[in-house]
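Quick note: the coordinates plus some simple rules give every number you see, no bench work behind them. Predicted, not measured: the structure shown is a model, and the values here were computed from it. Here the Cβ is made from the backbone with ideal geometry for all residues, glycine too, and neighbour counts use every protein chain on show.
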Amino acid sequence: MGAVIRIEPAAGLTGNIVVPGDKSISHRSIMLAGLAKTPVLVKNFLFAQDCLSTVSCMQALGVKVEQKAGHELVVTGNGLRGLVEPDNILDAGNSGTTLRLLLGILAAQPFFSAFTGDASLRSRPMGRVIKPLADMGAVIAARRKGRLLPLSIAPAAGRLTGIDYHMPMASAQVKSAVLLAGMFADGTTTVTEPYASRDHTERMLETFGAGLEKNGTAVRLRGVAELSAPAAIEVPGDISSAAFWLVAASIIPGSKVTLSNVGINPTRTGILDVLGQMGADIQLTNERWSGREPVADITVKHARLQGVSIDGAIIPRLVDEIPVLAVAAMFAAGRTIISGAEELRVKETDRLKAVATEFTKLGGLITETKDGLLIDPSPNLRSAVCYSYHDHRIAMALAVAGAAAQGVEIEQPDCVAISYPGFYAQLNRFNG
């Protein structure tokens, strides 16, 4: 694929899709399995750039990772305290999850380590993760007064100490970093969020035998002596990847698509709730469990959508889906208001600015606000050349908008490999 891809207008989308394995769960399965003593088979692992950054870092820390047939890995660690000092600087690539979660694990280790990442990750704020870890006794130095990569982690003076941390904003990555550090800490670590963010780390910790207590938006964890690994973990399909098809099928007339084996963890299903409020025709069937994660098959049909207001507690449950929800809003009747989403300004790019800038090129009626977007119905959409900002979710949202309207050319489209390498091929299959 070159530096530009052309997406043609699509007729009705029909058929079945198996979306890739969940990115968040894939990351965590490798990290927790790498801290156990017995081999763990990880099924439906997401072989995409971000998750492979986690694999590479764990291998550099002495964990054995073997690829099996299909989307399977066998991960063999050396126990909770069996990581080894890496020979080189760890490279998290574009993956904030790799970096922030491993910061929590490495903050407690008796050896030196250092991190870098790509240009995007080196510009993303790390201070809000470093601060609570430093309060636990971690010794972390970073560029720009402790805020940016590259950074180094030196051995702490002693064991980390558990803390009671009240987070200023909901963030699964910050919460996870503190809880993972808490596994190695003396005493109890408690993390309280203003709103509940995704809870895959808590579910994965329970899967590996770590005792958690939950009370509202507070999670409490005592130091852990050793993890107890399951023989296998099956990663559900990623609802953040499914979101692009949920929106595409909702706004393209004649569409009916079934998405198989999608994770429906309630901390991630904000996309289903908002599309439901907009009038989408979405049905969940075959609801079941994959380990401690709920999954289902999702069927979505074309429907007439209405504008809605999106704010407050639901934002952490759909923060990654806001770019594609903006596409749905362009095709809805009435204004959509998104607020409380300032977190989007410090993702792979400033997603609020990117959505407003690029979708306006397509004829979208979008106003950027300090913490969100105002989106009016956009009846006069046109084809345009748009830029992805090397952000996978912006690129895929642009592709959905183009397929539903008059087409689009996307500059720097290859970034979809970060989370959904087969996305364009699937879209092309719908177009025959």
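Rounded to the nearest 5, the antiparallel percentage of DSSP beta bridges internal to the chain is 70%.
Amide H to amide H distances under 5 Å link C386 with E409, I410, E411, where only residues 5 or more positions off or on other chains count and H is placed in the peptide plane. For R143 and K353, a Förster radius of 30 Å and the Cβ-Cβ distance give a FRET efficiency of 0.80, rounded to the nearest 0.05.
Taking R0 as 25 Å, what FRET efficiency do you get between A69 and T38 from their Cβ-Cβ distance, rounded to the nearest 0.05?
Rounded to the nearest 0.05, the efficiency is 0.75.
A dipole drawn for region 23-234 from +1 and -1 charges on Cβ atoms has a positive end, and of M169, T54, I153 the residue lying farthest that way is M169. In this structure, the amide hydrogen of I310, modeled 1.01 Å from its nitrogen in the peptide plane, lies closer than 5 angstrom to those of I337, I338, S339, counting only residues at least 5 positions away or on a different chain. Computed from backbone phi with θ = phi - 60° and the Karplus coefficients 6.51, -1.76 and 1.60, the 3J(HN,Hα) list for region 311-328 is 6, x, 5, 7, 4, x, 8, 8, 4, 6, 8, 4, x, 7, 5, 4, 5, 4 Hz; x is used for glycine and proline. Lysine pair count for region 23-234 (Cα-Cα distance under 26 Å; residues 8 or more apart in sequence or on different chains): 18.
Under a straight-distance cross-link criterion of Cα-Cα below 20 Å, which lysines are reachable from K370, leaving out those fewer than 8 residues away in the same chain? Candidates past the 8-residue exclusion: K347, K353. The GNM of the chain, with springs linking C-alpha atoms under 10 angstrom apart, assigns the highest mean-square fluctuation among A157, A134, A399 to A157. Between the amide H of I17 and those of T258, L259, S260, distances stay under 5 Å, these residues lying 5 or more places away or on another chain, with hydrogens modeled in the peptide plane. Comparing mean-square fluctuations of A181, A303, A242 from a GNM of the chain with C-alpha springs under 10 Å, the top value falls on A303.
Set the Förster radius R0 to 25 Å, insert the Cβ-Cβ distance between A425 and A11 as r into 1/(1 + (r/R0)^6), and round the FRET efficiency to 0.05. Show your work: numbers first, answer last.
On the way: r = 18 Å, r/R0 = 0.71.
Efficiency, rounded to the nearest 0.05: 0.90.
If you place +1 on the Cβ of every Lys and Arg and -1 on the Cβ of every Asp and Glu, how big does the dipole about the Cα centre of the chain come out, in debye to the nearest 20? Charge dipole of the chain: 360 debye, to the nearest 20. What the phi angles of region 51-58 give under the Karplus curve with 6.51, -1.76 and 1.60, with θ = phi - 60°, is a coupling list of 5, 5, 5, 5, 4, 4, 5, 5 Hz, glycine and proline written as x. Between D87 and K361, the modelled label-to-label distance comes to 4.4 nm, taking each label 7 Å out from Cα in the direction of the beta carbon.
In the chain, a dipole from Cβ-located charges (positive for Lys and Arg, negative for Asp and Glu) runs towards its positive end, and of V224, S250, N44 it is V224 whose Cα lies farthest in that direction. Ordering L381, G291, P194 by the projection of their Cα atoms onto the charge dipole of the chain, which places +1 on the Cβ of Lys and Arg and -1 on the Cβ of Asp and Glu, puts P194 at the extreme positive end. Fully extending the segment from D371 to A119, taken as 0.36 nm per residue of separation minus the present Cα-Cα distance, adds 88.3 nm. Compute the Cα gyration tensor for region 23-234, then decide on rounded, prolate or oblate, letting a ≥ b ≥ c be the square roots of its eigenvalues: rounded whenever a/c is under 1.5, prolate when a/b is larger than b/c in the other cases, and oblate in all that remain. Because its axes are fairly even, with a/c under 1.5, region 23-234 counts as rounded.
Think of each Lys and Arg Cβ as +1 and each Asp and Glu Cβ as -1; about the Cα centre, that makes the dipole of region 23-234 roughly 480 debye. Taking a ≥ b ≥ c as the square roots of the eigenvalues of the alpha-carbon gyration tensor, region 341-432 is classed oblate because a/c is 1.5 or more while a/b is no larger than b/c.
Projected label points at S339 and Q277, each 7 Å from Cα along the beta carbon direction, are separated by 1.3 nanometres. Net length available on complete extension from V18 to N380 is 127.0 nm, with 0.36 nm assigned per residue and the Cα-Cα distance removed. Rounded to whole numbers, the Karplus 3J(HN,Hα) couplings from phi for region 94-107 are 9, 9, x, 5, 3, 5, 5, 6, 5, 4, x, 5, 6, 4 Hz, using 6.51 cos²θ - 1.76 cosθ + 1.60 with θ = phi - 60°, and x at Gly and Pro.
Taking Lys and Arg as +1 and Asp and Glu as -1, the other residues whose beta-carbon sits under 11 Å from that of I282 total -1.
Restriction of the GluC sites (Glu not before Pro) in region 163-266 to DSSP coil positions whose beta-carbon has at most 16 other beta-carbons within 10 angstrom yields E226.
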